[in-house]
1. Got at least one residue in the stretch 131-148 being in a strand (DSSP E or B), aromatic (Phe, Trp, Tyr), touching a residue at least 24 places away in the same chain (Cβ under 8 Å) and closer than 27 Å to Arg26 by Cα?
2. Which of the following residues is farther than 20 Å from Leu125 by Cβ and either outside any helix (DSSP H, G or I) or touching a helix residue (DSSP H, G or I) at 6+ places or on another chain (Cβ under 7 Å) (or both): Thr72, Thr101?
3. Among the residues of the stretch 30-69, how many are part of a loop (DSSP other than H, G, I, E, B), buried (at least 16 other Cβ atoms within 10 Å of the Cβ) and among the small types (Gly, Ala, Ser)?
4. Filter the stretch 155-175 down to residues that are part of a loop (DSSP other than H, G, I, E, B) and either among the aliphatic types (A, V, I, L, M) or touching a residue at least 24 places away in the same chain (Cβ under 8 Å) (or both), then give me how many there are.
5. Closer than 21 Å to Ala42 by Cβ and touching a His at 6+ places or on another chain (Cβ under 9 Å): which single residue out of Ala121, Ala117, Ala161, Ala126 fits that description?
6. I need the full set of residues from the stretch 147-166 which are exposed (fewer than 15 other Cβ atoms within 10 Å of the Cβ) and among the polar types (S, T, N, Q), in order please.
7. If a residue has to be outside any loop (DSSP other than H, G, I, E, B), of a type in the set (Gly, Ala, Ser) and surrounded by 13 or more Cβ atoms within 10 Å (Cβ to Cβ) to count, how many in the stretch 7-29 make the cut?
8. Between residues in the stretch 77-106 that are within 13 Å of Arg24 (Cα to Cα) and residues that are buried (at least 18 other Cβ atoms within 10 Å of the Cβ) and of a type in the set (Gly, Ala, Ser), which pairs lie under 8 Å by C-beta distance while being six or more apart or on different chains?
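What follows is calculated from the coordinates using simple rules that are stated; it is not laboratory data. In this text, all values refer to a predicted model and were calculated from it rather than measured experimentally. Note that we place each Cβ from the backbone using ideal geometry, even for glycine, and neighbour counts take in every protein chain shown.
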Amino acid sequence: MQQSDALQPNTIAEIIRGRRSISRFRPEAPPRETVLEALELALWAPNHHLTEPWHFYLLGPDTKQAIVDLNTRLVQERQGEAAARAKRERWSAIPGWLLLTCDRSSEQQRFLEDYAACCAAAQNLALYLWSAGIGMKWTTGDVTRHPEFFEHTWMDPDSEAVVGLFWYGYPDESPDAQRQPLTSRLVELP
């Protein structure tokens, strides 16, 4: 890459600092081509020994509905009808759904390295989408660990672990965010 082709560091910093987890989206879905470009860029995440341990599942309307129904049932069992109805309404309004999984390994260290690589891929995905005006939320929870979830997504929980269920779309709101100063998290060793 030539210097003139390089993205200015302040632009990268603005994207990183500006990115937010989005919970409420406008109804229109982002262009498929933009999402596929973001997924292709996610593949460029660092990964130990080039294992490329990630799998991406773009969830269509039938799969989305099955997961919404499953989650609604789980919420109703724990929190009651009103909470379940509100959750169904909110989840049904999310325009884009994506699942990221990681290859399982019998070696704990290998799995940790692979899982970390998948998290780096998720960050690549989030930053590119944000740069295109598309927000994302990384979620996990009871629904992503429920046996029916694996049936709905056709994944094998013995060979893949869920890294996250990602919602994406054009933000309807963008919350403020703060971070603690670096000095509160930095240890300099001699």
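1. So in the stretch 131-148, the residues in a strand (DSSP E or B) come out as 135-139.
Next, from what is left, pick out any that are aromatic (Phe, Trp, Tyr): 138.
Restricting the remaining residues to those that are touching a residue at least 24 places away in the same chain (Cβ under 8 Å) gives 138.
Checking the rest, the ones that are also closer than 27 Å to Arg26 by Cα come to 138.
Yes, some residue in the stretch 131-148 is in a strand (DSSP E or B), aromatic (Phe, Trp, Tyr), touching a residue at least 24 places away in the same chain (Cβ under 8 Å) and closer than 27 Å to Arg26 by Cα.
2. Details: Thr101 fails: farther than 20 Å from Leu125 by Cβ.
Going through Thr72, Thr101 in turn, just one is farther than 20 Å from Leu125 by Cβ and either outside any helix (DSSP H, G or I) or touching a helix residue (DSSP H, G or I) at 6+ places or on another chain (Cβ under 7 Å) (or both): Thr72.
3. Kept after step one, since they are part of a loop (DSSP other than H, G, I, E, B), are these residues of the stretch 30-69: 30-31, 43-47, 51-53, 59-60.
If we keep only those that are buried (at least 16 other Cβ atoms within 10 Å of the Cβ) too, we end up with 30, 45, 47, 53, 59.
If we keep only those that are among the small types (Gly, Ala, Ser) as well, we get 45.
Of the residues in that region, 1 qualify.
4. As a first pass, look at the stretch 155-175 and keep what is part of a loop (DSSP other than H, G, I, E, B): 155-159, 170, 172-175.
From the residues that got through so far, the ones that are either among the aliphatic types (A, V, I, L, M) or touching a residue at least 24 places away in the same chain (Cβ under 8 Å) (or both) too are 155, 158-159, 170, 172-175.
Looking only at that region, the number is 8.
5. Numbers: Ala121 fails: touching a His at 6+ places or on another chain (Cβ under 9 Å); Ala161 fails: touching a His at 6+ places or on another chain (Cβ under 9 Å); Ala126 fails: touching a His at 6+ places or on another chain (Cβ under 9 Å).
Only one candidate passes the filter, namely Ala117.
6. Result: Ser159, single match.
7. Our first condition is that a residue be outside any loop (DSSP other than H, G, I, E, B); within the stretch 7-29, this holds for 9-18, 21, 25.
Adding the requirement that they be of a type in the set (Gly, Ala, Ser) leaves 13, 18, 21.
From what's left, surrounded by 13 or more Cβ atoms within 10 Å (Cβ to Cβ): 21.
Residues flagged as outside any loop (DSSP other than H, G, I, E, B), of a type in the set (Gly, Ala, Ser) and surrounded by 13 or more Cβ atoms within 10 Å (Cβ to Cβ) within the stretch 7-29 amount to 1.
8. Filtered contacts from the stretch 77-106: Ile94/Gly169; Pro95/Gly169; Gly96/Gly169.
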